[in-house]
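Peer 1: Submitted below is the structure of interest, expressed as structure tokens.
The values are calculated or read from the model by the stated rules, or taken from the named source; none is laboratory data. Since we're looking at a predicted model, the values are computed, not measured. Cβ placement follows ideal geometry from the backbone for every residue including glycine, while neighbour counts extend to all protein chains displayed. The protein model used for the area step is the full one, side chains on, heavy atoms only, and it has no ligands, DNA or RNA in it. Shrake-Rupley method; radii C 1.70, N 1.55, O 1.52, S 1.80 Å.
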Amino acid sequence: MEITPDATALVVDDEQDIRDACERILTRAGLRVLKASRGDEALSVLAKENVDIVLLDLKMPGMDGLEVLSRISAKYRKIQVIVITGYATVETAIEAMKQGAYDFIAKPFDPDQLRIVVRRAWEKIRLTREAEELERKRQRTLSDLDTEKSRIRTIIESFPSGVVVTDPKGRVVLMNPAFRQLLGLNPDLNAGRRIEDYLPDEKLCNLVMEISRGKHVDFDDIPDYEFSLSDEKHFLASGQPVLGERKECLGAVLNIVDITAMKLLDQLKSEFVAKVSHELRSPLSTIHEQLAMVIKDMVGDDFAQDQHILARAREKTRGLISLIGDLLDLSRIEEGIICQELQSVRLEELLENIVDFLSTSAKKKTQFLALDLPENPLPVLTADPIALESIFGNLITNAINYTQDGGEIKVAVDMAGINVRVSVRDNGFGIADKYLDKIFERFYRVQDEKTRYITGTGLGLPIVKGLLDSIGGFISVESTFDKGSLFTVLLPVKSQAIVKNNPSF
Ligand code: ADP
């Protein structure tokens, strides 16, 4: 009938028989037992030892039991005192209980009675300890939570970019000082209102509303968004849903970064490129033409070698002129000054002409180039035909260039909802995954064993993307290295009007 191996009891009684009997019984029950025959002796034991339960005789010579009890109660509040008393002194025992003793046992007692009362006392100690431990844990969790909360708040507050959090209804629940400062918000404007009271851009507000309502569960499909304030400040906003434990949408978090300096740099760079290209174009074109004339005038075997060298020089000037043409196109697109001549365009016809024109290049590589048109006529597009020619010319030329001799290039057209979809598929070199998001960057060219020797500028796809962005179109690419690529273009039936300041490029 073990109580606990850890508990220590102190038996305080002037009768040796009682002390010894208690020791025997309690040791057998698993307790460590200490003994004292007088009150003062008991107090000095308590000063040295860790005791849980004291069995205290009230009638002892020297210091009175009640006096010992009051000292124990005052100094060792966790010790449970069981008073041992004779029949004649039940009243004293009751008095002792009033003074803080936990229980009492009357002499003479049998072993079971002693064990029961000691076990009860131990149970009380155990429960008290458990309750204390629980309380300690609760305090710790609360203070952890408190620290965590204030830590997160401090991080958000001191975040250098603007952060704003909305609830599922699109109401602002939190914003940091950087957000206020970037958007120049009135200091009196507190959280709690709808997002449009804080953000000046309608499309961005709509995006935040969509994210807040949980429309975008796939994190990757949320586009970054650029917007400007009237004072020539430019920002990049990226939003994500805030998900709860069960993946339910609790709102949106939007991060806003000031990209004015980057934009300015970009603009300076474009201006520089445009200027240099302009300056280079006319002398180069003159050299190109002069070379043509010299080559034409060179007849006879004596000149064969020179003619070959000059022909190669002319080839190089042609390449340079085309690079300059691309650079100028790109600068114009970047500045939003592409003069789009919106006209009615029959896409079938436009594509037939391009495919026809490029079939000479495909034939040279013994490639099969085919155009697959839908049975039903496509709607007539309102678009700039030059922009469309540039888009599909670039994509089909790429397919020819990056496909081995004897390969296949298929151009197909169909409707995808309200958009016209044009896909250019080849079974050529393909593009490894790691390059896929880079190929739309300016001057980016994949340099691998197969593409290294193919000449190009790395400007074709940026031009395609820039043009599509400006007319409200979309391009995506799927590709498998060594198997082939599929470029898919979505065109709006009615292109947007001329964009003066193309924000997404
Ligand atoms: P360029 O063709 O002048 O190098 P682009 O911007 O048109 O520049 O293309 C960028 C890069 O993307 C190319 O260098 C090439 O590595 C890759 N690429 C484009 N189209 C294809 C294609 N159809 N198949 C394989 N790689 C392609």
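Peer 1: How many nm is it between the label spots at Asp14 and Gln240, if each spot is 7 Å from the Cα in line with the beta carbon?
Peer 2: 7.9
Peer 1: Which order do Tyr76, Tyr198, Tyr453 take by accessible area at a 1.4 Å probe, largest first?
Peer 2: Numbers: Tyr76 50, Tyr198 5, Tyr453 180 Å².
Most to least solvent-accessible, the answer reads Tyr453, Tyr76, Tyr198.
Peer 1: Using per-residue counts of other Cβ atoms within 10 Å, averaged over each peptide, order 106-115, 38-47 from highest down. The partial results should precede the final answer.
Peer 2: Values: 106-115: 14.2, 38-47: 17.3.
Packing order, densest peptide first, comes out as 38-47, 106-115.
Peer 1: If you take every DSSP beta bridge fully contained in the chain, what fraction is antiparallel? Give it as a percent rounded to 5.
Peer 2: Numbers: 49 of 73 bridges.
That works out to approximately 65 percent antiparallel.
Peer 1: How many Å² of accessible area per residue for region 8-132, probe 1.4 Å?
Peer 2: 51
Peer 1: Divide by every residue of the chain the summed helix terms, -39500 (n - 2.57) for each DSSP H run of at least 4, and state the resulting mean residue ellipticity at 222 nm, rounded to the nearest 500 deg cm²/dmol. Spell out each step's value before the answer.
Peer 2: Numbers: 12 runs with 226 residues, N = 505.
Value at 222 nm, helices only, nearest 500: -15500 deg cm²/dmol.
Peer 1: With every protein chain kept in place and ligands, DNA and RNA left out, what is the accessible area per residue of region 349-426? Probe 1.4 Å, answer in Å².
Peer 2: 51
Peer 1: Using Cα-only point scatterers and the Debye equation, what is log10 of I(q)/I(0) for the chain at each q in 0.11, 0.12 Å⁻¹, rounded to two decimals?
Peer 2: Taken in order of the listed q values, log10 I(q)/I(0) reads -1.04, -1.14.
Peer 1: For the chain, with the dipole built from +1 on Lys and Arg beta-carbon atoms and -1 on Asp and Glu ones, taken about the Cα centre, which of Met262, Ile400, Leu490 lies farthest toward the positive end?
Peer 2: Met262
Peer 1: Give me, ordered by chain and number, the residues 5 or more places off Leu371 or on other chains with an amide H under 5 Å from its own placed amide H.
Peer 2: HN-HN under 5 Å from Leu371: Val411.
Peer 1: Then there is this: Inverting the mean 1/r over all pairs of different Cα atoms, compute the Kirkwood radius of region 234-363 and quote it in Å. Could you put the intermediate results ahead of the total?
Peer 2: On the way: mean 1/r = 0.0491 Å⁻¹.
The answer is 20.4 Å.
Peer 1: Identify the residues of region 385-414 with backbone N under 16 Å of a label point that sits 7 angstrom from the Cα of Glu349 along the Cα-to-Cβ direction, or state none.
Peer 2: 385-389, by backbone N distance to the label point.
Peer 1: What GluC sites (Glu not before Pro) does region 316-407 have in DSSP loop regions with at most 14 other beta carbons within 10 Å?
Peer 2: Details: sites: Glu334, Glu335, Glu341, Glu348, Glu349, Glu352, Glu375, Glu389; in loops: Glu341, Glu375.
For GluC sites (Glu not before Pro) across region 316-407 that sit outside H, G, I, E and B with at most 14 neighbouring Cβ atoms in 10 Å, the list reads Glu341, Glu375.
Peer 1: Let me ask you something else. Too long at a 30 Å Cα-Cα cut-off: which of Lys296/Lys364; Lys169/Lys233; Lys98/Lys137; Lys137/Lys169; Lys78/Lys107; Lys149/Lys215? Before the final figure, lay out each step's value.
Peer 2: Values: Lys296/Lys364 25 Å; Lys169/Lys233 28 Å; Lys98/Lys137 32 Å; Lys137/Lys169 37 Å; Lys78/Lys107 25 Å; Lys149/Lys215 28 Å.
Exceeds cut-off: Lys98/Lys137; Lys137/Lys169.
Peer 1: A further question on this structure: Compute the projected area of the convex hull of the Cα atoms of region 315-380, averaged over all viewing directions, and report it in nm² to one decimal place.
Peer 2: Working: hull surface 27.1 nm².
The orientation-averaged projected area of the Cα hull of region 315-380 comes to 6.8 nm².
Peer 1: Loop only per DSSP, at most 10 neighbouring Cβ atoms within 10 Å: give me the trypsin sites (Lys or Arg not before Pro) in region 418-473, ordered by residue number.
Peer 2: Numbers: sites: Arg421, Arg425, Lys434, Lys438, Arg442, Arg445, Lys450, Arg452, Lys465; in loops: Lys438, Arg442, Arg445, Lys450, Arg452.
Filter output for region 418-473: Arg452.
Peer 1: Now for a different question. Let me have the relative contact order for the chain, percent, based on Cα pairs under 8 Å that are six or more residues apart. List each step's numbers first, then the result.
Peer 2: Working: 818 pairs, mean separation 40.4, N = 505.
Value for the chain: 8 percent.
Peer 1: Post the alpha-carbon centroid distance, region 254-289 to region 1-54, in whole angstrom.
Peer 2: 94
Peer 1: Name the chymotrypsin sites (Phe, Trp or Tyr not before Pro) in region 389-450 that are in a loop by DSSP and that have at most 13 other C-beta atoms within 10 Å, would you? Before the final figure, lay out the partial values.
Peer 2: On the way: sites: Phe392, Tyr402, Phe429, Tyr435, Phe440, Phe443, Tyr444; in loops: Tyr402, Phe429, Phe440, Phe443, Tyr444.
Listed in order of number, the matching sites are Phe443.
Peer 1: State, in angstrom, two size descriptors of region 263-334 derived from its alpha carbons: Rg to one decimal place and Dmax to the nearest whole number.
Peer 2: 16.5, 57
Peer 1: How much of the accessible area of region 367-407, in percent, comes from carbon and sulfur atoms when a 1.4 Å probe is used? The partial results should precede the final answer.
Peer 2: Details: 920 of 1800 Å².
C and S atoms contribute 51 percent here.
Peer 1: I'd like the FRET efficiency for Glu95 and Arg136, computed as 1/(1 + (r/R0)^6) with the beta carbon distance as r and R0 of 30 Å, rounded to 0.05. Working shown, then result.
Peer 2: Numbers: r = 35 Å, r/R0 = 1.16.
Result of the calculation: an efficiency of 0.30.
Peer 1: How much net charge surrounds Phe443 when only the other residues with a Cβ under 13 Å from the Cβ of Phe443 are counted, with Lys and Arg +1 and Asp and Glu -1?
Peer 2: Numbers: positive: Lys269, Lys438, Arg442, Arg445; negative: Asp326, Glu441.
Value of the local net charge: +2.
Peer 1: How long are the semi-axes of the equivalent ellipsoid of region 1-106, defined as square roots of 5 times the Cα gyration tensor eigenvalues? Whole Å, largest first. Intermediate values should be presented prior to the final figure.
Peer 2: Details: eigenvalues 75, 47, 37 Å².
In descending order, the three semi-axes are 19, 15, 14 Å.
Peer 1: Counting only the backbone N, which residues of region 422-442 are under 16 Å from the spot 7 Å out from the Cα of Phe481 toward its beta-carbon?
Peer 2: Those under the cut-off are 428-439.
Peer 1: For Glu248 paired with His308, estimate the spin-label separation in nm (one decimal), with each label point 7 Å from Cα along the Cα-to-Cβ line.
Peer 2: Distance between label points: 7.9 nm.
Peer 1: Any idea how far apart Asp437 and Lys365 come out in nm if each label point goes 7 Å out from Cα toward Cβ?
Peer 2: 2.8
Peer 1: Which part of region 71-113 falls in the paramagnetic zone of Asn50, meaning amide N under 14 Å from the point 7 Å along Cα-to-beta-carbon?
Peer 2: In region 71-113, the label zone of Asn50 (backbone N under 14 Å from the point 7 Å along Cα→Cβ) covers 78-79.
Peer 1: In Å, what is the Rg of the alpha-carbon atoms in region 328-448, and how long is Dmax?
Peer 2: So, for region 328-448, Rg and Dmax equal 15.6, 42 Å respectively.
Peer 1: Percentage of Cα-Cα pair distances in region 383-429 greater than 16 Å, rounded to whole percent?
Peer 2: On the way: 508 of 1081 pairs.
Beyond 16 Å sits 47 percent of the P(r) for region 383-429.
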